[in-house]
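FYI, it's all coordinate maths here, none of it is from the lab. What you are looking at is a predicted structure, and each value in this text was computed from that prediction instead of being measured. Cβ sites come from the backbone with ideal geometry, for glycine too, and all protein chains shown count toward neighbours.
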Amino acid sequence: MKKLTTILLLSILTYTGWTQKSPTGKWELSELTGAAKPLKEIFRNKMPTLMIDAANTHFSGNNGCNQIHGNLRIKKDTLRFDSNMTSTMMACPGRGEQFFNATLFDVNRYAINNHELIFYKNEKELMRFRSIK
């Protein structure tokens with residue numbers, strides 16, 4: 001009976017996202033504070049994604065147009081993206097890429113709630129990402 005209760009409790013915690021504390025994983029942008037248009041209009045070709053490897057302090061992904069990768073600093077719930085990230089250099093329509101990059105560099109902390117990665121600058125929410133496989 002104890003074993004069944006333990007399995008059930010762990011299943012509930014995993015389902016609700018309570019067990020994930022690390023931002024490690026693959027994430028797709030779902031909200032961007034200050035965006036003047038819906039995300040699908042800003043990022044017509046590809047929705048921005050991030051692949052975060054917290055243990056190795058590295059990230060990669062795309063900003064809606066170009067591939068990006070670089071280092072990050074992480075400690076407990078604080079997180080900073082290194083502004084010296086590298087990027088491919090394709091010409092991109094609109095200004096979504098620049099807005100995404102600038103917002104990414106403003107991030108100074110994060111939280112994970114119900115399979116969402118939320119980036120903040122101090123207390124202000126900047127971006128939300130949903131977990132993807």
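Please count how many residues of the range 119-133 are more than 17 Å from residue 21 (Cβ to Cβ), in contact with a Lys or Arg (Cβ under 9 Å, 6 or more places away or on another chain) and assigned to a strand (DSSP E or B).
Qualifying residue count for the region: 2.
Could you look through the range 30-53, keep only residues that are surrounded by 12 or more Cβ atoms within 10 Å (Cβ to Cβ) and over 18 Å from residue 92 (Cα atoms), and pick out the one that is nearest to the chain's Cα centre (by Cα)?
So, considering only residues that are surrounded by 12 or more Cβ atoms within 10 Å (Cβ to Cβ) and over 18 Å from residue 92 (Cα atoms), the one nearest to the chain's Cα centre (by Cα) is 50.
So which of 79, 50, 126, 29 ends up being aliphatic (A, V, I, L, M), in contact (Cβ under 8 Å) with a residue 40 or more places away in the chain and touching a Ser or Thr at 6+ places or on another chain (Cβ under 6 Å)?
Unique residue meeting the criteria: 126.
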